Amino acid sequence: MPSQLGPETALRALLDEASPSPDQIASLLDGFDHAGRVAALRGLRRNQLQPLFQLVEGRSPVALSYLVPPELPSHTVVRHIGRNSLPMFSEFEKRFYRTRDGAIAGANFQTMSPFTGPGYFVARQAPAQHELLIDYEQLPHDAPEGWPAVRSNEAGISRFVYAHMIDTLRRVSTHVSIGAASRRGQTPDAYFTLCRQDVAVSVQAA
């Protein structure tokens, strides 16, 4: 039984079952602490991300307040620990914050950031309302102290990674979401999971 397994294998085993339900997945993840949830997501096989994305479609509405709670001051950073379906450099973070003008924005932090750029974005509600869009075609007007300068995603190497990219984000559980990337309306079979930290803290980029 998945509940008897460690986080690294429990979620993977549940998704291997014939007909796992979104409620079962959410309950399993909610039963772990933050470290356990991160371990569970990193234990998934790459080919399990797309089925999970499809499975949770329309299950639980997700609002911008999920990314950054409304009571937090502007520039307070909320870390979402990520894992994507790429064969290399699959571990990363999306760090979100509220700008001074009230938008929810963020950037990507991973080992290749010095080369690819920070990949700034603005998050917005999707037309379907139960999803969020992470839009790399929109840039924030300001960023937290110590972060890289906001720059276009169409400059330098960034254009190969972030230009014209829009991610669709769906809720999986209390702390976990899953996303799919698209570029100019085309989906390149790129998926990722995010695990929001329990407590928002101010973070400066290394």
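The values are calculated or read from the model by the stated rules, or taken from the named source; none is laboratory data. Computed from a predicted structure; not experimentally measured. Counting neighbours? That spans all protein chains shown, and the Cβs are built from the backbone with ideal geometry, glycine included.
The residues of segment 65-86 that are over 25 Å from residue 21 (Cα atoms) and surrounded by 14 or more Cβ atoms within 10 Å (Cβ to Cβ), listed by number, are 68, 72, 74, 75, 76, 77, 78, 79. The residues listed here are 183, 98, 79; of these, the one that is under 17 Å from the mean Cα position of the chain (by Cα) and closer than 30 Å to residue 27 by Cβ is 79. The residue pairs whose first member lies in segment 11-34 and is assigned to a helix (DSSP H, G or I), whose second member is exposed (fewer than 15 other Cβ atoms within 10 Å of the Cβ), and whose beta carbons are closer than 6 Å, counting only pairs six or more residues apart or on different chains, are 30/174; 34/198. Among the residues of segment 132-161, just one is part of a loop (DSSP other than H, G, I, E, B) and touching a Leu at 6+ places or on another chain (Cβ under 6 Å), namely 150. Of the residues that sit in segment 1-54 and are of a type in the set (A, V, I, L, M) and in contact with a Lys or Arg (Cβ under 6 Å, 6 or more places away or on another chain), which one is nearest to residue 81 (Cα to Cα)? Out of the qualifying residues, it is 41.
The single condition among (1) of a type in the set (Ser, Thr, Tyr); (2) within 25 Å of residue 174 (Cα to Cα); (3) touching a helix residue (DSSP H, G or I) at 6+ places or on another chain (Cβ under 6 Å) that residue 116 does not satisfy is (2). Contact map, segment 145-166: residues that are under 24 Å from residue 132 (Cβ atoms) paired with residues that are surrounded by fewer than 12 Cβ atoms within 10 Å (Cβ to Cβ), Cβ distance under 8 Å, separation 6+ or inter-chain. Pairs shown: 147/204; 150/141; 164/184. The set of residues from segment 68-93 being under 14 Å from residue 143 (Cβ atoms) and not aliphatic (A, V, I, L, M) comprises 74, 75, 76.
This table checks each residue for (1) modelled with pLDDT of 95 or more; (2) at positive phi; (3) among the basic types (Lys, Arg).
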{"site": "39", "(1), (2), (3)": "yes, no, no"}
{"site": "46", "(1), (2), (3)": "no, no, yes"}
{"site": "78", "(1), (2), (3)": "yes, no, no"}
{"site": "89", "(1), (2), (3)": "no, yes, no"}
{"site": "100", "(1), (2), (3)": "yes, no, yes"}
{"site": "107", "(1), (2), (3)": "yes, no, no"}
{"site": "113", "(1), (2), (3)": "no, no, no"}
{"site": "135", "(1), (2), (3)": "yes, no, no"}
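Listed by position, the strands (runs of 3 or more DSSP E) enclosed by segment 46-116 that each have at least 1 residues that are under 17 Å from residue 176 (Cβ atoms) and in contact (Cβ under 8 Å) with a residue 60 or more places away in the chain are 78-84, 91-98.
Looking at the structure I just gave you, is residue 46 surrounded by fewer than 16 Cβ atoms within 10 Å (Cβ to Cβ) and under 23 Å from residue 189 (Cβ atoms)? It is true that residue 46 is surrounded by fewer than 16 Cβ atoms within 10 Å (Cβ to Cβ) and under 23 Å from residue 189 (Cβ atoms).
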